[in-house]
Each structure stands twice: as structure tokens, then as C-alpha cells.
Amino acid sequence: MPEQEPKIDEELARIEGEEVLSQRWKGGKPIRRYAVKRKTNYPWLALGVAVFFFDQLTKGWVSNTLDPGQVVELTSFLNVVLLHNEGAAFSFLANAGGWQRWFFISISSVVCLVLTLWLMRMTRGQHWMAAALAFILGGAAGNLWDRIDFGHVVDFIDVYYNGWHWPAFNIADSAITLGAVMLILHALFFHQDEDG
């Protein structure tokens, strides 16, 4: 008696991350074969990596072009200046004596690990949230690399107005700030109805 072609189990086909490929009979029972189609968050990790490399490229260019403290005026409100920050944001703990390097390396390493795990475990479709985490991850990794490699963070963007200067920052800082703002907006407006 010829083998009867079974119908594909539509319920199983709806299982997230799996698609029914074929179904065969053995001993009177169907044997189902599946191909796993896992949609990962690797593209968002790639965004974080892109932020990291862009940050490092800009820091490398400035470090190779300018001397420490040298200022290049671009506009009436923006300079490029090479500064070495051994502290955190706004030079917090910059003059703490050296121990702060390993403290910030430890904190940044934990933050990068947590962000990576969080990003990889996120539900698919949370594009806004994933992008925010990717920006923060890329920025944190960029500044972490500076601390490990040089013992300080390279800052070079100097925004000012009427002689008042905002503390110098870099691409990594900008990415972290952008990601943080996106997280705040997500929490305020999009956390319940984000559809990607």
C-alpha cells in the first residue's frame, strides 16, 4: 500500500522560530522534521560594533593629527581639541591617583556584558529598544577600550557659546547619550505599543 502523504500540522508550523519542512510516516506515526529559523538580534550587535569602530577611528584620527591641548576652530560654536580624560563624565575622579582606571574598567566591563546579554535576549520586533541598547553598548565599549589601551579616554569635541564651554566629549559619549534618551522616550511613550 503506497505511503499516504500527510497534512502538515499547521499548529506546529506556528511555533515561534520553527518552520515545518517535511513529514514522513514510520510505524503508523508521523515523523516531523523542522528547520530552525531563529531571527537573532545580531544586526543590533552589529550596530554596536559599528559605533565602536567609528568612535575608535575618530579618536585615532584626532590623536594622530593634534597635539594634546591643541585646538582647531571649526565654527563659532564648535572646536576640535585633543584632551585625555582619566575620569568619568565631566572629568569626575580624573585626579584620583590612578585607581579610578581599574574601577572604571571593571564597571564598564560589567555594563558591556549586561547590555550584550540583554540585547541578545530581547523579544524580536523591539527595534527602538534594541537600537538604544546598541548605541549605549557601542559607546561604552569604545570608552572601555580607551581605558584599557591608554589609561584614559580620548575626548575631542568642544561645544561652546560666548566663552562657555561644555565639557569635551567624543563619539562614544554621544552614542551613550543618544541611547539613554531613546530609552527614556521608550519608557515614557513606546513601552506598551512598540510595533517596530
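The values are calculated or read from the model by the stated rules, or taken from the named source; none is laboratory data. Because the structure is predicted, anything quoted here is derived from the model rather than measured. So basically every Cβ, Gly included, is an ideal-geometry build from the backbone, and we count neighbours across all protein chains shown.
Structure values in brief
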read-out: Output for region 132-151, where each listed residue is surrounded by fewer than 20 Cβ atoms within 10 Å (Cβ to Cβ) and either touching a strand residue (DSSP E or B) at 6+ places or on another chain (Cβ under 9 Å) or touching a residue at least 12 places away in the same chain (Cβ under 8 Å) (or both); value: TRP145, ILE148, PHE150, GLY151
read-out: Subset of region 60-99 (residues that are in a helix (DSSP H, G or I) and modelled with pLDDT under 90); value: ALA89, PHE90, SER91, TRP99
read-out: Meets criteria (in the same structural domain as VAL154 (by TED's automatic domain parsing), of a type in the set (Phe, Trp, Tyr) and at pLDDT below 85) for PHE52; value: no
read-out: Flag if ALA180 is more than 30 Å from ASN64 (Cα to Cα), modelled with pLDDT of 90 or more and among the small types (Gly, Ala, Ser); value: yes
read-out: Pick from region 110-131, criterion small (Gly, Ala, Ser) and in a helix (DSSP H, G or I), ranking: surrounded by the most Cβ atoms within 10 Å (Cβ to Cβ); value: ALA130
